[in-house]
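Chemist: My questions will all concern the structure given below.
The values are calculated or read from the model by the stated rules, or taken from the named source; none is laboratory data. As the structure is a computational prediction, the values presented were derived from the model and not from experiment. Every residue, glycine as well, gets a Cβ built from its backbone with ideal geometry; the counts of neighbours run over all protein chains shown. For accessibility, only protein heavy atoms count, side chains too; no ligands or nucleic acids. Shrake-Rupley method; radii C 1.70, N 1.55, O 1.52, S 1.80 Å.
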Amino acid sequence: HRLTGVPNLQEFPTLNTNKPPFVRDVEAKVRRYLRSSYSAAWTLKITWEKAPAYGARTDTRRTITYQAVLTTDGFRSYVLMLYQAGGMQWDYTRLAATNVLIGYT
């Protein structure tokens with residue numbers, strides 16, 4: 001049984017191998033968003049399932065499942081941030097911090 005909020009990592013080294021559907025989907029997203037050709041050599045999918053809002057470790061009523069996908073063709077690298085349908089489900093007005101950000105730095 002997976003702990004709430006603990007990330008699950010899946011690596012897809014795809015240089016000179018058949019690409020699974022997930023990697024083909026990532027390639028299609030990069031091509032569509034950047035309007036350029038792209039063929040992944042390596043991809044890492046990090047999934048946080050049912051993660052509570054930061055600082056709300058005891059309140060698991062509102063959680064979110066999201067992914068960070070790192071991918072590279074050996075020359076260019078990209079990060080995709082994928083959120084469940086409907087976006088963040090946290091009520092940010094009830095969080096201890098008021099400067100809430102979604103994304104990465």
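Chemist: When the solvent-accessible surface of protein heavy atoms is calculated with a 1.4 angstrom probe, in what order do Glu49, Glu11 fall, highest first?
Modeler: On the way: Glu49 70, Glu11 115 Å².
From most exposed to least exposed: Glu11, Glu49.
Chemist: Less than 18 Å apart at the alpha-carbon level, and either on another chain or at least 8 residues along: which lysines does that give for Lys19?
Modeler: Hits, sequence-local ones excluded: Lys29, Lys45.
Chemist: Within the set of other residues whose C-beta is less than 9 Å from the C-beta of Val69, count the net charge using Lys and Arg as +1 and Asp and Glu as -1.
Modeler: Surrounding charge for Val69 is +2.
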